Amino acid sequence: MIKSREVDVVVVGAGFAGIYMLYKLKKLGFSSRVIERGDGVGGTWYWNRYPGARCDIPSLQYSYQFDDDLQQEWEWEEKYSSQKQILEYANHVVDRFDLRNDITFNTEVQSATFNEEHGKWTVKTSDEEIVCSHCVMATGCLSQVNEPNIPGIENFKGEILHTGKWPHSDVNFEGKNVSIIGTGSSSIQSIPIIAETAKNLTVFQRTANYSIPSNNGPMDPDEEAEIKSRYKEFREENWQNGFGIAGLENELLATEAPEEETKKVFSEHWDKSGLGFLGAYADLMLDPNANEIAASFVRDKIKELVDNPETANDLCPDHTIGCKRLCVDTGYYETFNKPNVSLINIKRDPILDITENSVKTQTNEFETDMLILATGFDAMTGALTNIDITGRNGQKLSEVWANGAKSYLGLGIAGFPNLFMVTGPGSPSVLSNMLPSIEQHVEWISDCLAWMRENNKSIIESTESAEEEWMKHVKETSELTLYTTCNSWYNGSNLDGKSKTFLPYIGVPPYAEKCEEVSKTNYQGFIFDKSN
Ligand code: N01
């Protein structure tokens, strides 16, 4: 029997966004329910358990700051924490603030429908109908996996795994012929570890990727103590640079520096900065000549690290560095020197078919016991369009977004009243440090809900004109940079049939300022209690 209940707010997803949203709603005294499809919290860090999964933003930054005792007391083991410790942290936060009982696990939201007559949403799961005033979609930017339809894949008799929904039990590669498709961050992190025990590892690469060594290691106690002694200030400083991440601020231009100096600067960044490599100079994502200096530095490194010149050439990307998400690795390129690892450039030798026990390319056949899809996600929109969301006048979100997602500030969508997104398309999200961005959105949404309650407003929605103007600004801002110059999941071009729209907003400080201005002016760009 379908149960039904009514709450003020339904939150979809119990990743870092859903957890903090729930914490804030409880503090404000709103009744709420979080629906989570996994059997535990953690979102991305719950699902992406592939070998080597870790965060490539230092954990002292990729963590909550809303509670000072929490940020002071929690001890990260490494500079870049493993998926395991990040998941432990998510669970710790949930238990510390007593949030677990407000989450319904193992439950997928099937639909959310706005009832115009009552001004309420009905959220349906397989066994429950929840009526609520507001819906907060904390569904994550990288949570709907991309499972490509490769000819013959249904005939494969071995194990098929996806990095984005990795099994919870140990996966054994020993003695197996493993094939992995895709060479993004997930693949680049897992390949060195799989190669340690697999009999053979064959990597099918469609597009080579730039990767910078993480130089990960145990947490430096002096650095930790120094940051913790001025944590608030440290967080505020980071929030002031374009991506909300320390080490990406620089005013020097690569195009104005002598060649010897750029080599020295890039070498220093290669040895210590990980993602911060792109912060070596201010013009790397603005000027193609500057970008090429950085790109050719990395290509030279690849050629130094990889013994076989043909493999090295295939591993050298030819696109703008940084316009696909930069990868950070531990021993990725060096892994191709192992005798059990081979690289197949599928642009030159395309995959034609998957059989019961092999991957067949145009010129070869690779025996395969285990096939790993490291093929990424329907990023930023997939988790939302996968739910049957119906707003005013019966409009379906999947149809409204068919030609590209539109939103006001990545928070609200015209025609979908009382529905908020955390780090939705049109906000800095994936081009920022996600944790502070999540906190900023959750705080903005909770302030708005509290303001509505105080001011007797029951319905909020963004206007079409505010949305159009904002998305125009998102587009224009992206066009000032080199982020739009290649195929990437930032612009939907990783998936056949997805509209090519650049979705993240570039620039944390102006974005945060705009959000503040909107709330200070009684939510300019939103309207309240509109009647039909
Ligand atoms: O996914 P991806 P990911 N046939 O989309 C290829 C975050 N993350 O899971 O480039 C053959 O980057 C595709 O090829 P192409 C991070 O933000 C963070 O690795 O589209 N190949 C590509 O090589 C990251 O960017 C961490 O030509 C196909 C690969 O599959 C994001 O998640 C760790 C194909 C997919 O790469 C996604 O990373 C891991 C097909 N049909 C991930 N379809 C941190 O460290 C796709 N590909 C925080």
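It is to be established whether one or more residues within region 422-443 are under 19 Å from residue 525 (Cβ atoms), open to solvent by less than 10 Å² (accessible area, probe 1.4 Å) and touching a strand residue (DSSP E or B) at 6+ places or on another chain (Cβ under 6 Å).
The answer is no; no qualifying residue exists.
Given the conditions (1) surrounded by 17 or more Cβ atoms within 10 Å (Cβ to Cβ); (2) within 11 Å of the ligand (Cβ to nearest atom), and given that residue 137 satisfies all but one, which numbered condition is not satisfied?
Against the list (1) surrounded by 17 or more Cβ atoms within 10 Å (Cβ to Cβ); (2) within 11 Å of the ligand (Cβ to nearest atom), residue 137 comes up short only on (2).
Please work out if residue 17 is within 16 Å of the ligand (Cβ to nearest atom), small (Gly, Ala, Ser) and more than 28 Å from residue 195 (Cα to Cα).
In short, yes.
Only one of 388, 447, 378 is on the phi < 0 side of the Ramachandran plot, surrounded by fewer than 22 Cβ atoms within 10 Å (Cβ to Cβ), touching a Leu at 6+ places or on another chain (Cβ under 7 Å) and modelled with pLDDT of 95 or more; which? Walk me through it before giving the result.
Values: 388 fails: touching a Leu at 6+ places or on another chain (Cβ under 7 Å); 447 fails: touching a Leu at 6+ places or on another chain (Cβ under 7 Å).
The conditions single out 378.
Starting from residues that are touching a residue at least 24 places away in the same chain (Cβ under 8 Å) and exposed (fewer than 15 other Cβ atoms within 10 Å of the Cβ), keep the ones in region 149-158 and report whichever is nearest to the ligand (Cβ to nearest atom).
To start, the set of residues in region 149-158 that are touching a residue at least 24 places away in the same chain (Cβ under 8 Å) comprises 150-153, 155-158.
Applying the additional criterion that residues be exposed (fewer than 15 other Cβ atoms within 10 Å of the Cβ) yields 151, 155, 157.
Values: 151: 11, 155: 17, 157: 20 Å.
This residue is 151.
Which residues, counting only those in region 23-39, are touching a helix residue (DSSP H, G or I) at 6+ places or on another chain (Cβ under 6 Å) and either over 23 Å from residue 160 (Cα atoms) or among the charged types (D, E, K, R) (or both)? Let's see the steps before the verdict.
Here is the first cut: in region 23-39, the ones touching a helix residue (DSSP H, G or I) at 6+ places or on another chain (Cβ under 6 Å) are 24, 28, 32, 34, 38.
24, 28, 32, 34 - these are the residues of region 23-39 that are touching a helix residue (DSSP H, G or I) at 6+ places or on another chain (Cβ under 6 Å) and either over 23 Å from residue 160 (Cα atoms) or among the charged types (D, E, K, R) (or both).
Mind telling me which of the residues 343, 305 ends up being crowded, with 20+ Cβ neighbours inside 10 Å and either modelled with pLDDT of 95 or more or away from the ligand (no atom under 16 Å from the Cβ) (or both)?
Values: 305 fails: crowded, with 20+ Cβ neighbours inside 10 Å.
Residue meeting the stated conditions: 343.
Of all residues in region 391-412, which are polar (S, T, N, Q), touching a residue at least 60 places away in the same chain (Cβ under 8 Å) and surrounded by 15 or more Cβ atoms within 10 Å (Cβ to Cβ)?
Matches in region 391-412: 407 only.
Do you know which residues across region 474-505 are over 23 Å from residue 385 (Cβ atoms) and away from the ligand (no atom under 13 Å from the Cβ)?
Filtering region 474-505 for residues over 23 Å from residue 385 (Cβ atoms) gives 476-477, 479-482, 485-486.
Residues satisfying the conditions are 476, 477, 479, 480, 481, 482, 485.
Every residue in region 214-241 that is within 16 Å of the ligand (Cβ to nearest atom) and touching a helix residue (DSSP H, G or I) at 6+ places or on another chain (Cβ under 7 Å), please.
Within region 214-241, 214, 215 meet the criteria.
Take residue 458 and tell me if it is open to solvent by 10 Å² or more (accessible area, probe 1.4 Å) and touching a helix residue (DSSP H, G or I) at 6+ places or on another chain (Cβ under 9 Å). Full working, then the answer.
Values: open to solvent by 10 Å² or more (accessible area, probe 1.4 Å): yes; touching a helix residue (DSSP H, G or I) at 6+ places or on another chain (Cβ under 9 Å): yes.
When the stated conditions are applied, residue 458 passes them.
Just checking, which of 275, 286 is closer than 19 Å to residue 431 by Cβ, away from the ligand (no atom under 16 Å from the Cβ), open to solvent by 20 Å² or more (accessible area, probe 1.4 Å) and not hydroxyl-bearing (Ser, Thr, Tyr)?
Details: 275 fails: away from the ligand (no atom under 16 Å from the Cβ).
When all the criteria are applied, what remains is 286.
Starting from residues that are within 12 Å of the ligand (Cβ to nearest atom) and touching a residue at least 40 places away in the same chain (Cβ under 8 Å), keep the ones in region 62-89 and report whichever is surrounded by the fewest Cβ atoms within 10 Å (Cβ to Cβ). Show your work before the answer.
Residues of region 62-89 that are within 12 Å of the ligand (Cβ to nearest atom), as a first pass: 62, 80-83, 86.
Narrowing the set further to residues that are touching a residue at least 40 places away in the same chain (Cβ under 8 Å) leaves 62, 80, 86.
Numbers: 62: 20, 80: 22, 86: 24.
My answer is 62.
Only one residue in 383, 379 is small (Gly, Ala, Ser), within 16 Å of the ligand (Cβ to nearest atom) and in contact with a Phe, Trp or Tyr (Cβ under 8 Å, 6 or more places away or on another chain). Which one?
Numbers: 383 fails: in contact with a Phe, Trp or Tyr (Cβ under 8 Å, 6 or more places away or on another chain).
Selected residue: 379, the only one of 383, 379 that is small (Gly, Ala, Ser), within 16 Å of the ligand (Cβ to nearest atom) and in contact with a Phe, Trp or Tyr (Cβ under 8 Å, 6 or more places away or on another chain).
When you go through 371, 352 one by one, which is the residue that is within 14 Å of the ligand (Cβ to nearest atom), outside any loop (DSSP other than H, G, I, E, B) and either modelled with pLDDT under 95 or in contact with a Lys or Arg (Cβ under 6 Å, 6 or more places away or on another chain) (or both)?
Working: 371 fails: either modelled with pLDDT under 95 or in contact with a Lys or Arg (Cβ under 6 Å, 6 or more places away or on another chain) (or both).
The match here is 352.
I'd like to know if region 512-523 contains one or more residues that are open to solvent by 30 Å² or more (accessible area, probe 1.4 Å) and not in a helix (DSSP H, G or I). Give the derivation first.
Of region 512-523, the ones open to solvent by 30 Å² or more (accessible area, probe 1.4 Å) are 513-514, 516-517, 519-522.
Going one step further and asking which of them are not in a helix (DSSP H, G or I), we end up with 521-522.
Taking every residue of region 512-523 in turn, at least one turns out to be open to solvent by 30 Å² or more (accessible area, probe 1.4 Å) and not in a helix (DSSP H, G or I).
Among 118, 92, which is the only one that is surrounded by fewer than 17 Cβ atoms within 10 Å (Cβ to Cβ) and modelled with pLDDT under 95?
Details: 92 fails: modelled with pLDDT under 95.
That would be 118, the only listed residue that is surrounded by fewer than 17 Cβ atoms within 10 Å (Cβ to Cβ) and modelled with pLDDT under 95.
Given the options 176, 165, name the one that is open to solvent by 30 Å² or more (accessible area, probe 1.4 Å) and away from the ligand (no atom under 12 Å from the Cβ). Step through it out loud before you land on a result.
Working: 165 fails: away from the ligand (no atom under 12 Å from the Cβ).
Going through 176, 165 in turn, the sole match is 176.
Kindly indicate whether residue 130 is touching a Lys or Arg at 6+ places or on another chain (Cβ under 7 Å) and more than 16 Å from the ligand (Cβ to nearest atom).
yes
The values are calculated or read from the model by the stated rules, or taken from the named source; none is laboratory data. For clarity, every value in this text was computed on a predicted model and none was experimentally measured. Virtual Cβ from ideal backbone geometry, glycine too; neighbours counted across all protein chains shown. For the accessible areas, the whole protein counts, side chains as well, though only heavy atoms, and no ligand, DNA or RNA atoms are used. Shrake-Rupley method; radii C 1.70, N 1.55, O 1.52, S 1.80 Å.
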